[in-house]
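Structure, as structure tokens:
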Amino acid sequence: MSAVAPSRLALLTRLRCSIFQTAYNPTSIRTGAKYLRARLRGPSMVNYYPVQLSISEARKMFPKFDAIDFQEQERVEDVEARKARGKGTPRKARSKDESRRTKRRR
Amino acid sequence: MRPNFNVRVLRDQKARTGVLNNEIARRAYLYVARNQSLPAQVRYQAQLQLNTFDKYTRPTTVKNRCTETGRGRGIMSEFGLCRYQFRLKAKAGELPGVKKASW
């Protein structure tokens, strides 16, 4: 039984590649083709989170849209109530001596 | 109403748009950098270019988070919900075809 010459085998693979339209790559070199072949993943990635409108956004888009944002209303009322009790945000310090941080360190 | 989204969800959304905007350029550089039939100098240059891209243009920085609460762990990928939100929604009958097992 006679072995088939390697050159003949190479010819066979070359022919096979031309028939089945595949790239002839006998040394299995990396061509980077898989980065071009793969589908783009960005378009489906962007649509992962469902689009949700908040009331403030809806107001910006449609100025005539007149809806009451109850949560925002409640927040503002809470802040007002806190201010009335003297629990509002402290004033911005004008100088370094005024800042609370330096006082705390002593 | 907008759900209680946290900063991690915002970061994830940033990554998603970054991937979308830079995907084609990144792929082109990847092709050059990984192509062994090209000269080493060219491949090295392409790799350097790849390194200049922002962190949030890499697809691996994207993480599927819960679409309801923004939780990052225990996500059922078919529904995009974390395990607790999945349970709540399934029990409320908001997930078609999902039923509590009983035998």
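Please go through (1) open to solvent by 90 Å² or more (accessible area, probe 1.4 Å); (2) among the aliphatic types (A, V, I, L, M); (3) away from chain B (no Cβ under 14 Å) for residue A:51 and return the number of the only condition it doesn't satisfy.
(3)
Residue-wise test of (1) over 30 Å from residue B:22 (Cα atoms); (2) away from chain B (no Cβ under 12 Å); (3) in a loop (DSSP other than H, G, I, E, B); (4) out of contact with any strand residue (DSSP E or B) (no Cβ under 9 Å at 6 or more places or on another chain).
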| residue | (1), (2), (3), (4) |
| --- | --- |
| A:9 | yes, yes, no, yes |
| A:15 | yes, yes, no, yes |
| A:19 | yes, yes, no, yes |
| A:30 | no, no, yes, yes |
| A:34 | no, no, no, yes |
| A:39 | no, no, yes, yes |
| A:89 | yes, yes, yes, yes |
| A:95 | yes, yes, yes, yes |
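Could you list, in sequence order, all residues of the stretch B:4-54 that are within 11 Å of another protein chain (Cβ to nearest Cβ) and among the acidic types (Asp, Glu)?
B:12, B:23
In contact (Cβ under 8 Å) with a residue 60 or more places away in the chain and either away from chain A (no Cβ under 11 Å) or of a type in the set (A, V, I, L, M, F, W, C) (or both): is that true of residue B:69 in this structure?
Values: in contact (Cβ under 8 Å) with a residue 60 or more places away in the chain: yes; either away from chain A (no Cβ under 11 Å) or of a type in the set (A, V, I, L, M, F, W, C) (or both): yes.
Taking the combined requirement at face value, the residue satisfies it.
Filter the stretch B:14-48 down to the residues that are open to solvent by less than 70 Å² (accessible area, probe 1.4 Å) and outside any helix (DSSP H, G or I) and list them by number.
B:35, B:38
In contact with a helix residue (DSSP H, G or I) (Cβ under 8 Å, 6 or more places away or on another chain), outside any loop (DSSP other than H, G, I, E, B) and open to solvent by less than 100 Å² (accessible area, probe 1.4 Å) - does that describe any residue in the stretch A:68-86?
Among the residues of the stretch A:68-86, at least one is in contact with a helix residue (DSSP H, G or I) (Cβ under 8 Å, 6 or more places away or on another chain), outside any loop (DSSP other than H, G, I, E, B) and open to solvent by less than 100 Å² (accessible area, probe 1.4 Å), which makes the answer yes.
Is it true that residue B:90 is outside the structural domain of residue B:5 (by TED's automatic domain parsing), more than 29 Å from residue A:38 (Cβ to Cβ) and not in a loop (DSSP other than H, G, I, E, B)? Don't jump to the end; show me each part of the working.
On the way: outside the structural domain of residue B:5 (by TED's automatic domain parsing): yes; more than 29 Å from residue A:38 (Cβ to Cβ): yes; not in a loop (DSSP other than H, G, I, E, B): yes.
For residue B:90, the condition - outside the structural domain of residue B:5 (by TED's automatic domain parsing), more than 29 Å from residue A:38 (Cβ to Cβ) and not in a loop (DSSP other than H, G, I, E, B) - is met.
Does residue B:11 satisfy being part of a helix (DSSP H, G or I) and open to solvent by 70 Å² or more (accessible area, probe 1.4 Å)? Walk me through it before giving the result.
On the way: part of a helix (DSSP H, G or I): yes; open to solvent by 70 Å² or more (accessible area, probe 1.4 Å): yes.
Yes, satisfied.
Of the conditions (1) within 14 Å of chain B (Cβ to nearest Cβ); (2) over 27 Å from residue B:34 (Cα atoms); (3) under 30 Å from the mean Cα position of the chain (by Cα); (4) open to solvent by 100 Å² or more (accessible area, probe 1.4 Å), residue A:62 fails just one. Which one is it?
Checking residue A:62 against (1) within 14 Å of chain B (Cβ to nearest Cβ); (2) over 27 Å from residue B:34 (Cα atoms); (3) under 30 Å from the mean Cα position of the chain (by Cα); (4) open to solvent by 100 Å² or more (accessible area, probe 1.4 Å), the one that fails is (1).
The values are calculated or read from the model by the stated rules, or taken from the named source; none is laboratory data. All of these numbers come straight from a predicted model, not from anything done at the bench. Backbone-built Cβ (ideal geometry, glycine too); neighbour counts: all protein chains shown. Side chains are part of the model used for accessible areas, which takes the heavy atoms of the whole protein and leaves out ligands, DNA and RNA. Shrake-Rupley method; radii C 1.70, N 1.55, O 1.52, S 1.80 Å.
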